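What follows draws every value from the coordinates through simple rules; no lab data is involved. Since the structure is predicted, the reported quantities are computational estimates derived from the model, not experimental observations. Cβ atoms come from the backbone with ideal geometry, glycine included; neighbour counts cover every protein chain shown.
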Amino acid sequence: MTGWVSTDLLDRVRVRLVDADRDPTPALIAEALRAEAGGVLGDADLLRALHLLDTEFRGAGVLDAVLREPGVTDVLVTGPDDVWVDRGQGLRRAGVGFGDEAAVRRLAQRLALSAGRRLDDAQPWVDGRLPGIDPGSFGVRLHAVLAPVAQGGTCLSLRVLRPATQGLAALAATGAFADGAEDLLRRIVSGRLAFLVVGGTGTGKTTLLAALLGEVDAAERIICVEDAAELAPSHPHVVRLVARPANVEGVGQVGVRDLVRQALRMRPDRIVVGEVRGAEVVDLLTALNTGHDGGAGTVHANSPDEVPARLEALAALGGMDRAALHSQFAAAVQVVLHTARTPNGQRVLSSIGVLERDDRGLCTVVDAWSRTRARGPGLDALTAILRRREGDV
């Protein structure tokens, strides 16, 4: 900046504002500027400095406007001039930046503080959740890593948690389903088949899960357990339980596994885990094997073939061995739905698979339907299951 607004002046104002331990309102920022400038700051420079500091100290700073854009899911910072945004078509440069590495670090530390977390040289990374940036979001998931752990400088990752509210019809209108898939999905839900939605990051797993839950009979009670609140199905009876991290003293943590156990005591018709990523897979499979038909969850897996191995690894965290996992998996889950992104970035349902067990008792996922083949080798098995549930045979 030019005139009397020097970097040293701005740094002194920042220190004063931090030491004030109060919400940095525009009035407080202006007061700090005048005090540190000693009354020799011109009106034009004062306004420029006020705007810069107000942007830095309020909301998400220079990232605030990007986060508020409709359709933005992620904003990632890997350097002062290295800011990326995902608007649903993959990562693109955001067109905003920071003055220097120190500015990125200050923002990361301030956001961590807003999330009730600690971020400093002694604790150089943080996971947290920030309040919603607009009425249409559930908040922002925060992750940050400071240098020198992040060798290129402070890394900041922000994911906008927008409620997944679209129904099946709305998804179908976007081209998410190819011929025959929508009818199969409705039958899977009405037949109370238990299913897992699997796919890579950002492929629409939660969106599809919410749409399917919206098809559940209104007389049923759904208990949703999530690590971060995203599910908002259009259904009249949904109870949402959200995990809580430990506070700055390291106490008060409530994990997904704890909440799955609580859900069992809440008279659920269907138990849903927003994302299975740890030992809670043991409790979910146990629940689905004790009379809770029609349960569901999402699992991060790049293909249906990876699902059994992925669940084996997660079950090991909960003390369940391979043989027991496959036995529970086969008895608890009937269908695997795979989501993916097309080359142009569209989120689609890629395949519908059914579980089969081989001679060793291990589960595999066999395609019943896919976007490239409407009649897969597992379709007869899926149809037979649906007919039994529908009472046709």
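Quick notes
- Qualifying trypsin sites (Lys or Arg not before Pro) in the stretch 229-279, DSSP loop, other Cβ atoms within 10 Å at most 16: R265
- For peptides 342-348, 25-31, sequence by mean Cβ density within 10 Å, most packed first: 25-31, 342-348
- Here the simple spin-label model places points 7 Å from the Cα toward Cβ, and for E69 and E182 these points are separated by 3.0 nm.
- Each label point was placed 7 Å from the Cα along the Cα-to-Cβ direction; for A324 and Q123 their separation is 3.4 nm.
- Net lengthening on full extension, A169/N247 (0.36 nm per residue, minus Cα-Cα): 23.9 nm
- Three-way shape label, the stretch 181-233, alpha-carbon gyration tensor, a/c 1.5: oblate
- The Cβ shell under 15 Å around A301 holds other residues with a net charge of -1, Lys and Arg each +1, Asp and Glu each -1.
- Each Lys or Arg adds one and each Asp or Glu takes one away; over the other residues whose Cβ falls under 12 Å from the Cβ of G97, this sums to -3.
- Three-way shape label, the stretch 289-393, alpha-carbon gyration tensor, a/c 1.5: oblate
- Once the Cα gyration tensor of the chain is diagonalised, semi-axes √(5λ) in Å: 47, 21, 18
- Amide hydrogen neighbours beyond the local backbone of G200, cut-off 5 Å, H modeled: A301
- Loop GluC sites (Glu not before Pro), the stretch 221-271 (other Cβ atoms within 10 Å of the site Cβ: 11 or fewer; DSSP): E249
- Distance histogram for the stretch 251-342 (every C-alpha pair counted, 10 angstrom bins, percent rounded to whole numbers): 16, 51, 28, 5, 0
- Based on DSSP H segments of at least four residues, each scored -39500 (n - 2.57), the chain has a per-residue ellipticity at 222 nm of -10000 deg cm²/dmol.
- In terms of its Cα atoms, the stretch 67-223 spans 55, 31, 28 Å along the principal axes, sorted from long to short.
- Cα gyration tensor shape for the stretch 146-189, rounded if a/c is under 1.5, else prolate or oblate: prolate
- Put a dot 7 Å past the Cα of A313, heading toward its Cβ, do the same for R265, and the two dots end up 3.3 nm apart.
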